[in-house]
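The next block holds one structure in the form of structure tokens; read it before the comments.
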Amino acid sequence: MKSTTNTYAPASSAHSGGEGTLEAFGKSDAFLDFQQQLARVAKVQRPVLLIGERGTGKELAASRVHFLSQRWGGPFVKLNCASLSPTVLESELFGHEVGAFTGAARRRVGRFEAAHGGTLFLDEIAQMPMPVQEKILRVVEYGSFERVGSSESVQVDVRLVGATNADLPAMAEAGQFKPDLLDRLSFEVMFVPSLRQRGVGDIDLLARHFAARMSVELGLPGVPEWTDAAEKALRTYDWPGNVRELKNVVERTVSRAEGRVVEEVIFDPFRPPSAFRAPKVTGPRGSEAAPAAPVFSLPLDLPAMISDLEQRVLVQALAKSRFRQREAATLLGLSYDQFRGLYRKHQATLQKTAAS
């Protein structure tokens, strides 16, 4: 990879863990426009919803909103709502009194109190159970709440920033998210651009940065050179995991590179080494020839073979996308409607396979 001069917008602060280890810089119009929107939104002391795919840097965007706002001197507190059970989540958010439940040996201050005068970032906000949503709605409306096991009101001044990749309006219509809370949280709704939307320029920029950092970590004398084929592989890959996935792929590839040249990008660490590159076929005088085309025994049942192939790629795409059908469609190069048609065609067989 050849280094070039680039325009980028650095994050206002660094964080450890989660998306905070990603890099908030780029040069694409989509990225720079989004950073300008963050700067504008930061000045208005109202709730913000960040909508984006996994790995796009929603936590970094939330921290930028905080540190560009008048609350920059206050605490920036964060919590992943999907990582806790409903009971623990309520205690984490609002705190609890002594004896509120088994094991509550002392009073605990919750995240809302800890964020007083600052910003509270709630990741995976769509995963909150209804009772917790109701208490958060009260905080947003009145700035007060009660700790678990207490009837005493606690007053707080907190700006909420929520993040999700779910369709919250659809969840509200289905009764899975409180419409009143959605109304309060959606004063500003911002869509974090995916790496696909940011384009090749940002992919190159970020890949060079991650490769350089990994080279320093490994104590290499310099950054390995990437072949044209390896660079093309990075640029044409769909990046369903966005910047987080790009970081992992580049670091993994640099750490496994033999010598000073990267010839092969390791996208999937679960594939056996033999599957990484096609076997070479030797032609006359040892020259390399194109791989031979597969030979089939005729007659054969072509419809059955095609059906079996469709089922196999469906299973693989659904597993890789963690059963997110839109993402699985993208992995297969299909539109969502095309994927749904293919899925319905094989749904009965897929369900039997899953049950077994």
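The values are calculated or read from the model by the stated rules, or taken from the named source; none is laboratory data. Small disclaimer: the values here were computed from a predicted structure and weren't measured. Cβ placement follows ideal geometry from the backbone for every residue including glycine, while neighbour counts extend to all protein chains displayed.
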Criterion (closer than 17 Å to V243 by Cβ and of a type in the set (A, V, I, L, M)) met by exactly one of A39, A62, A82 | A62
Selection within segment 75-90 - buried (at least 17 other Cβ atoms within 10 Å of the Cβ) and in a helix (DSSP H, G or I) = C81, L89, E90
Taking segment 249-308 as the search range and keeping residues that are touching a strand residue (DSSP E or B) at 6+ places or on another chain (Cβ under 8 Å) and among the hydroxyl-bearing types (S, T, Y), which one is modelled with the highest pLDDT?
-> T253
For segment 69-88, name all the residues that are at pLDDT 90 or above and either closer than 19 Å to M130 by Cβ or not assigned by TED's automatic domain parsing to the domain that holds A42 (or both).
-> L79, N80, C81
Quickly run through segment 233-251 and pick out the residues that are surrounded by fewer than 17 Cβ atoms within 10 Å (Cβ to Cβ) and either charged (D, E, K, R) or over 13 Å from D204 (Cα atoms) (or both).
-> R235, D238, N248
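Let's see how each residue does on (1) crowded, with 16+ Cβ neighbours inside 10 Å; (2) under 19 Å from I266 (Cα atoms); (3) in the same structural domain as Q36 (by TED's automatic domain parsing):
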{"site": "G175", "(1), (2), (3)": "no, no, yes"}
{"site": "P179", "(1), (2), (3)": "no, no, yes"}
{"site": "L182", "(1), (2), (3)": "yes, no, yes"}
{"site": "L185", "(1), (2), (3)": "yes, no, yes"}
{"site": "I203", "(1), (2), (3)": "yes, yes, no"}
{"site": "F210", "(1), (2), (3)": "yes, yes, no"}
{"site": "G219", "(1), (2), (3)": "no, no, no"}
Note on segment 148-185: residues of a type in the set (G, A, S) and under 30 Å from R108 (Cβ atoms) are G149, S150, S151, S153, G162, A163, A166
Subset of segment 54-68 that is crowded, with 23+ Cβ neighbours inside 10 Å and not aliphatic (A, V, I, L, M) - its residue that is nearest to S194 (Cα to Cα) = T56
State whether the residues of segment 135-152 include one that is of a type in the set (S, T, Y), crowded, with 16+ Cβ neighbours inside 10 Å and either assigned by TED's automatic domain parsing to the domain that holds E327 or over 26 Å from the mean Cα position of the chain (by Cα) (or both).
-> yes
